[in-house]
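Student: Sharing a structure, written as structure tokens. Questions coming.
The values are calculated or read from the model by the stated rules, or taken from the named source; none is laboratory data. Remember, it's a predicted structure, so these values are computed and weren't measured experimentally. Here the Cβ positions follow ideal geometry from the backbone for every residue, glycine too, while neighbour counts run over all protein chains shown.
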Amino acid sequence: MGKILTVRLARLVATLFAVSLLTFLLVEQLPGDPVTALLPPEALHDLETIERIRAELQLDDPALVRYGRWVTDALQGDLGKSYITDQRVADAIRDRIPVTMELALLATVIAAVLAVPIGAFSAYREGGRFDRMMSGFTTAALSIPAFVAAIFFIWLFTLKFNWLPSTGWNRITDKGLLANLKTAILPASALALAPLAINARLIRADMIGTLKEDYVLSARAKGLRDRYILMRHALRPSALTAITVFGLQLGGLIGGTVVIETVFALPGLGTRLISGIYQRDVMMIQGITLFVATVYVVVNTAVDLLYLALDPRIRRQ
Amino acid sequence: MKKSWLKLIAPLFAIALIGAACGGSDSDSESSSSSDTESSTETETTEAPETEDTVLEAGTEAEGDVDTEVEAVVEESSYGGTVIIGLEAEATGLRPWEDGCSSPCLVMMKAMIDTMVERRADGTYGPWLAKSWSSNEGYTEWTFELQEGVLFHNGYSFNAKTLVDMFELQKVGAISAGVVSAAKVGEVVAVDNLTVKYVLTGAHSAFPSFLYGVGLGGVFEPNAANEDFDGFSMNPIGTGPFMMDKRDLDNETIVVRNPNYWMSDEDGNQLPYLDSVQFRPIPDEGTRLDSLLSGTTSMMQTLRQGTIRDARAAKADGADITLLEFQGNNVGGGQYNNNNPPLDDVRVRKGLTQMNNQDAVIEALGGTGISLPGTQWFSPDSPWYSEKVAAAWPKFDFDAGKALIEEYVNDPDRSDGRDVGDNIEVELSCPPDPTLIAAIQVIEQLWSATGMIDVNVTNYDQQTHINYALGAPPDFMGEHGAHCWRWSSNDDPSTFLNTQFAPPTLGIAAAYGLDGIFSPINFPNYFDIEMFGWLVAAISTDVFEERYALYEMVMMRLARDVPVWYSGHTATLLAAESNILGVNGWLLPDGSLGAGFPSAVARWGQVFIDN
């Protein structure tokens with residue numbers, strides 16, 4: 001177990017190093033000068049100002065030196081300062097991660113709460129009307145990009161019924177949980193559609209196999225009720241796969257909120273990343289990308305390790 | 001509205017495909033730091049306020065464009081209420097001297113930061129924090145009398161020393177340093193408590209227009225700025241009608257009434273009327289409009305023709321909203337890199353322009369019936385517009401354009417060094433906006449249809465697109481070809497034309513004996529010494545007719561040499577619930593009618609909710 005852990009952690013570090021280097025190099029390769037991007041047209045003929053700002057931002061150092069400085073600082077929790085807003089990148093992430101995390105978590109919860117009964121009942125009624133209906137639904141949910149679902153939800157729940165606001169974010173700390181959920185539910189639902197469909201299909205496929213196991217047939221022969229067999233005997237073994245996938249999806253959802261946050265105008269990491277890209281805010285792009293990658297890799301590694309802990313057969317392999 | 005979501009899917013899907021699904025900053029945005037001009041008189045004085053029932057109108061109305069009528073409010077104003085406005089982007093910062101500020105940022109900043117002068121509906125500049133002004137004969141010294149009894153949000157008084165202290169920050173500010181240089185400000189001197197003198201290093205007859213832009217004219221409290229340089233961005237201290245209450249980046253910024261605001265309405269009622277204003281950045285155009293229609297917000301801005309079209313449709317469907325549309329001077333189109341063959345040859349530039357079907361391009365941009373085809377840097381609503389230039393501009397004539405290209409292709413001395421008969425190669429580049437892509441596809445098809453032009457279409461994100469045209473210091477000669485761009489603004493022409501067409505490099509400047517006078521933002525790399533002389537002459541006189549004639553000559557030269565091309569003028573929109581009034585009817589302290597809402601920027605001091 002110790003060896004496996006070491007190997008996984010080494011992979012994690014290598015992945016993060018690769019991500020940091022790639023992010024830095026990609027941003028570095030963008031044509032143009034970050035200093036001129038900072039300045040208004042009127043200021044561009046002032047070469048002294050350009051050089052002064054370049055020196056202040058230490059942009060006249062070689063790329064390797066700048067990368068080394070950035071990584072060293074990042075290891076100490078300092079992701080630098082935005083060239084555009086002067087805000088510390090770590091502060092921007094700290095301010096915005098609650099929104100993105102809440103969206104991702106809420107989407108995961110919505111996906112889990114709906115996927116389990118849909119998957120289980122579809123497996124139980126394999127080939128039946130409900131199963132066919134859900135098969136159609138999951139295909140549609142997988143085919144529709146999240147931002148299209150978002151627009152549809154806005155049209156339906158905001159314009160048509162006027163039940164929920166289309167934009168904005170009520171912070172729990174300011175306005176309480178209910179007000180917060182009112183602004184979070186639509187974006188989280190749009191975000192949850194794809195994972196919901198994947199998980200429902202996964203659980204269905206897994207449970208169809210489980211329901212044909214001898215011990216399930218035996219339970220039926222003993223006269224146990226269907227609901228009891230489904231929830232106690234069939235769902236438990238199938239849940240392991242689902243839990244793994246939920247974990248992996250959580251990491252992906254943090255990155256996936258980028259578009260949804262923009263459509264719903266939410267103050268999360270994705271919105272900040274996009275505005276950073278538009279503004280050529282190099283430090284912000286690098287910092288947020290590294291952070292998202294770190295969360296994704298750490299969550300993946302954690303799920304891997306959890307899986308190992310839960311299933312002795314994999315450990316033995 | 002039944003199918004509004006469907007209408008939104010197509011462009012968004014396209015955006016996703018090109019990897020830019022999340023709109024944000026916009027090329028349409030008018031930079032705050034590009035200040036304005038149009039001062040004219042030796043001395044301006046405040047005038048008697050207009051009576052309540054007077055309806056003032058300004059601007060001419062061109063057929064087929066948006067409604068740019070600006071008129072004074074006739075309804076009785078009332079106190080209270082909150083306006084929630086959806087903006088197209090978040091402000092990167094609110095320090096007038098340090099942070100770049102485009103249209104959505106200005107909507108926010110204008111609530112808290114007053115400027116020295118304001119623009120009137122007729123395009124001239126009038127008093128705001130500066131009560132009146134005068135210059136010496138050579139336009140090198142400008143003296144401003146300031147309003148009395150003006151307090152900053154933190155209780156400090158506004159006076160001449162404030163401007164002197166501000167100038168210390170402005171001289172080195174990332175934004176204002178360039179404006180200080182363009183305006184040729186050498187020194188700011190406090191003559192007495194309420195009189196300040198700007199001493200210029202060269203003549204500028206339109207100098208007060210620079211004090212309209214927030215970069216130089218935005219008045220901030222210098223002590224607060226010095227005490228907390230970074231923090232000022234989140235909590236700006238100005239003399240404006242509203243004070244910062246809460247700033248939650250990318251979510252909402254709330255400003256509340258300044259109880260000590262210096263302005264009253266014409267009946268002596270203390271301004272502002274509103275209790276507060278909430279600014280919400282909503283980058284997605286469709287969602288921003290939906291938020292207004294659903295009541296999530298009560299107002300919105302847009303700089304997109306497609307959104308104006310959708311807002312018109314919503315109103316036609318019965319939405320209870322007011323559409324405040326503005327046809328600005330800002331004109332879309334592009335530039336040819338006059339430094340790169342074959343675009344260094346006027347036959348190629350003119351030929352390509354004549355093969356550009358403006359109406360089809362405007363239709364692709366979603367601007368049919370909204371945006372007027374451009375022929376110059378001024379829209380027909382502008383006092384600077386010239387019919388003569390409009391007639392001279394090379395309009396769509398495919399065969400004539402093709403003949404010019406053919407002449408170049410068969411010229412043994414063609415500048416691109418290729419063999420006679422070989423196709424020319426042109427890079428056509430636009431940012432990856434769906435409507436812009438549709439527009440350049442129209443142009444690409446027309447140019448390719450000649451069989452003599454190999455068109456290489458490229459798309460870069462907005463900032464890369466700009467940098468590509470800008471090039472690197474110290475020469476700033478971009479490597480672009482035919483490059484989508486926007487031109488002009490409602491500011492005084494000198495503020496953009498003089499820098500746009502100055503020598504593009506120090507070398508060219510030296511060759512013409514203009515040592516040190518160069519402009520990196522001469523993006524087309526086009527320089528004509530005679531035309532530059534006209535531009536310089538235009539800031540050496542304040543007689544409108546003389547200046548008009550000079551700018552007309554400049555536009556005629558552009559029509560002859562075609563360093564740029566045009567699509568349509570940019571229309572902008574502020575849409576609001578119909579009981580929100582005063583956005584288009586605000587008055588200056590002298591009672592003259594303000595400029596309304598150019599570039600979808602509202603002034604909040606006189607806005608009220610009609611109950």
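Student: Going through B:Phe532, B:Phe523 one at a time, which residue ends up being surrounded by 17 or more Cβ atoms within 10 Å (Cβ to Cβ), in contact with a strand residue (DSSP E or B) (Cβ under 7 Å, 6 or more places away or on another chain) and not small (Gly, Ala, Ser)? Show your work before the answer.
Tutor: Numbers: B:Phe532 fails: in contact with a strand residue (DSSP E or B) (Cβ under 7 Å, 6 or more places away or on another chain).
That would be B:Phe523, the only listed residue that is surrounded by 17 or more Cβ atoms within 10 Å (Cβ to Cβ), in contact with a strand residue (DSSP E or B) (Cβ under 7 Å, 6 or more places away or on another chain) and not small (Gly, Ala, Ser).
Student: Report those helices (runs of 4 or more DSSP H) wholly inside the stretch B:470-576 carrying at least 3 residues which are outside the structural domain of B:Leu292 (by TED's automatic domain parsing) and within 22 Å of B:Gln327 (Cα to Cα).
Tutor: Values: elements: B:493-500, B:506-511, B:529-538, B:544-561.
It comes to B:493-500, B:544-561.
Student: Here's a follow-up. Every residue in the stretch B:509-520 that is surrounded by 14 or more Cβ atoms within 10 Å (Cβ to Cβ) and either facing chain A (nearest Cβ under 7 Å) or among the acidic types (Asp, Glu) (or both), please.
Tutor: B:Phe518, B:Ser519, B:Pro520, listed by residue number.
Student: Please specify each residue of the stretch A:76-118 satisfying the condition of being under 14 Å from the mean Cα position of the chain (by Cα), among the polar types (S, T, N, Q) and within 14 Å of chain B (Cβ to nearest Cβ).
Tutor: Residue satisfying the conditions is A:Thr100 alone.
Student: Oh, and also: Can you confirm whether the stretch B:173-193 contains a residue that is assigned to a loop (DSSP other than H, G, I, E, B) and more than 14 Å from every other protein chain (Cβ to nearest Cβ)?
Tutor: We begin by selecting, within the stretch B:173-193, every residue assigned to a loop (DSSP other than H, G, I, E, B); these are B:173-175, B:183-184, B:193.
Still in the running and more than 14 Å from every other protein chain (Cβ to nearest Cβ): B:193.
Yes, the conditions are met somewhere in the stretch B:173-193.
Student: Among the residues that make up the stretch A:173-191, is at least one of them surrounded by fewer than 16 Cβ atoms within 10 Å (Cβ to Cβ), free of Cβ contacts under 8 Å to residues at least 24 places away in the same chain, within 14 Å of another protein chain (Cβ to nearest Cβ) and more than 23 Å from B:Thr287 (Cβ to Cβ)?
Tutor: For the stretch A:173-191, residues surrounded by fewer than 16 Cβ atoms within 10 Å (Cβ to Cβ), free of Cβ contacts under 8 Å to residues at least 24 places away in the same chain, within 14 Å of another protein chain (Cβ to nearest Cβ) and more than 23 Å from B:Thr287 (Cβ to Cβ): present.
Student: I want to confirm something. Restricting to the stretch B:453-466 and keeping residues that are outside any helix (DSSP H, G or I) and closer than 16 Å to B:Glu427 by Cβ, which single residue is farthest from the other protein chains (Cβ to nearest Cβ)?
Tutor: If we filter the stretch B:453-466 for residues that are outside any helix (DSSP H, G or I), which is where we start, we get B:453-461.
Right, trim to closer than 16 Å to B:Glu427 by Cβ and you get B:453-460.
On the way: B:Ile453: 25, B:Asp454: 22, B:Val455: 21, B:Asn456: 16, B:Val457: 17, B:Thr458: 11, B:Asn459: 13, B:Tyr460: 8 Å.
Ranking the qualifying residues of the stretch B:453-466, first place goes to B:Ile453.
Student: In addition: Can you tell me which condition A:Pro165 does not meet? The list is (1) within 13 Å of chain B (Cβ to nearest Cβ); (2) part of a helix (DSSP H, G or I); (3) without any contact (Cβ under 8 Å) to a residue 24 or more places away in the chain, and all the others hold.
Tutor: With respect to (1) within 13 Å of chain B (Cβ to nearest Cβ); (2) part of a helix (DSSP H, G or I); (3) without any contact (Cβ under 8 Å) to a residue 24 or more places away in the chain, A:Pro165 is out only on (2).
Student: Just wondering, is there one or more residues in the stretch B:543-551 that are touching a His at 6+ places or on another chain (Cβ under 8 Å), under 25 Å from B:Trp142 (Cβ atoms), surrounded by fewer than 23 Cβ atoms within 10 Å (Cβ to Cβ) and not basic (Lys, Arg)?
Tutor: Narrowing the stretch B:543-551 to residues touching a His at 6+ places or on another chain (Cβ under 8 Å): none.
Scanning the stretch B:543-551 turns up no residue that is touching a His at 6+ places or on another chain (Cβ under 8 Å), under 25 Å from B:Trp142 (Cβ atoms), surrounded by fewer than 23 Cβ atoms within 10 Å (Cβ to Cβ) and not basic (Lys, Arg).
Student: Can you tell me which residues in the stretch B:241-280 are more than 14 Å from every other protein chain (Cβ to nearest Cβ) and among the charged types (D, E, K, R)?
Tutor: Going residue by residue through the stretch B:241-280, those that are more than 14 Å from every other protein chain (Cβ to nearest Cβ) are B:241-244, B:255-277.
Across the stretch B:241-280, the qualifying residues are B:Arg257, B:Asp265, B:Glu266, B:Asp267, B:Asp275.
Student: Return yes when B:Glu98 is farther than 23 Å from B:Gly596 by Cβ, assigned to a loop (DSSP other than H, G, I, E, B) and away from chain A (no Cβ under 14 Å) and no when it is not.
Tutor: Values: farther than 23 Å from B:Gly596 by Cβ: yes; assigned to a loop (DSSP other than H, G, I, E, B): yes; away from chain A (no Cβ under 14 Å): no.
Criteria not met by B:Glu98.
Student: In addition: What are the residues in the stretch B:287-343 that are more than 14 Å from chain A (Cβ to nearest Cβ), surrounded by fewer than 21 Cβ atoms within 10 Å (Cβ to Cβ) and assigned to a helix (DSSP H, G or I), if any?
Tutor: B:Gly306, B:Arg309, B:Arg312, B:Lys315, B:Ala316, listed by residue number.
Student: Which of the following residues is among the charged types (D, E, K, R), surrounded by fewer than 20 Cβ atoms within 10 Å (Cβ to Cβ) and assigned by TED's automatic domain parsing to the domain that holds B:Arg547: B:Lys395, B:Lys402? Please lay out each step first, then the result.
Tutor: Values: B:Lys402 fails: surrounded by fewer than 20 Cβ atoms within 10 Å (Cβ to Cβ).
From the options B:Lys395, B:Lys402, the qualifying one is B:Lys395.
Student: Turning to a different aspect of this structure: Kindly state which strands (runs of 3 or more DSSP E) lie completely within the stretch B:124-168 and contain at least 3 residues that are at pLDDT 95 or above, surrounded by fewer than 23 Cβ atoms within 10 Å (Cβ to Cβ) and not acidic (Asp, Glu). Walk me through how you get there before you give the answer.
Tutor: Working: elements: B:125-127, B:130-135, B:141-146.
In the stretch B:124-168, the matching strands (runs of 3 or more DSSP E) lie at B:130-135.
Student: Of all residues in the stretch A:202-232, count the ones that are hydroxyl-bearing (Ser, Thr, Tyr) and closer than 22 Å to A:Thr138 by Cβ. If you could, list the steps in order and put the result at the bottom.
Tutor: So in the stretch A:202-232, the residues hydroxyl-bearing (Ser, Thr, Tyr) come out as A:210, A:215, A:218, A:228.
Still in the running and closer than 22 Å to A:Thr138 by Cβ: A:210.
Residues that pass the stated criteria total 1.
Student: Between a residue in the stretch A:54-77 that is closer than 15 Å to A:Val27 by Cα and any residue that is assigned to a helix (DSSP H, G or I) and of a type in the set (Asp, Glu), which pairs come within a Cβ distance under 8 Å, given they are 6 or more apart or on different chains?
Tutor: A:Ala63/A:Glu28
Student: Counting only residues that are among the charged types (D, E, K, R) and under 13 Å from B:Ile370 (Cα atoms), how many does the stretch B:299-341 have? Full working, then the answer.
Tutor: First, pick out the residues of the stretch B:299-341 that are among the charged types (D, E, K, R): B:304, B:309-310, B:312, B:315, B:317, B:320, B:325.
This time we only want the ones that are under 13 Å from B:Ile370 (Cα atoms), so: B:304, B:309-310, B:312, B:325.
Residues flagged as among the charged types (D, E, K, R) and under 13 Å from B:Ile370 (Cα atoms) within the stretch B:299-341 amount to 5.
Student: Here's something else I'd like to know. Consider the stretch B:80-90. How many of its residues are more than 9 Å from chain A (Cβ to nearest Cβ) and in contact with a Pro (Cβ under 8 Å, 6 or more places away or on another chain)?
Tutor: So the answer is 2.
Student: Filtering the stretch B:517-539 down to residues that are of a type in the set (S, T, N, Q) and under 16 Å from B:Asp561 (Cα atoms), which residue is modelled with the lowest pLDDT? Walk me through it before giving the result.
Tutor: Taking the stretch B:517-539 as the starting set, the residues that turn out to be of a type in the set (S, T, N, Q) are B:519, B:522, B:525.
Checking which are under 16 Å from B:Asp561 (Cα atoms) leaves us with B:522, B:525.
Numbers: B:Asn522: 90, B:Asn525: 94.
Going through the qualifying residues, I end up with B:Asn522.
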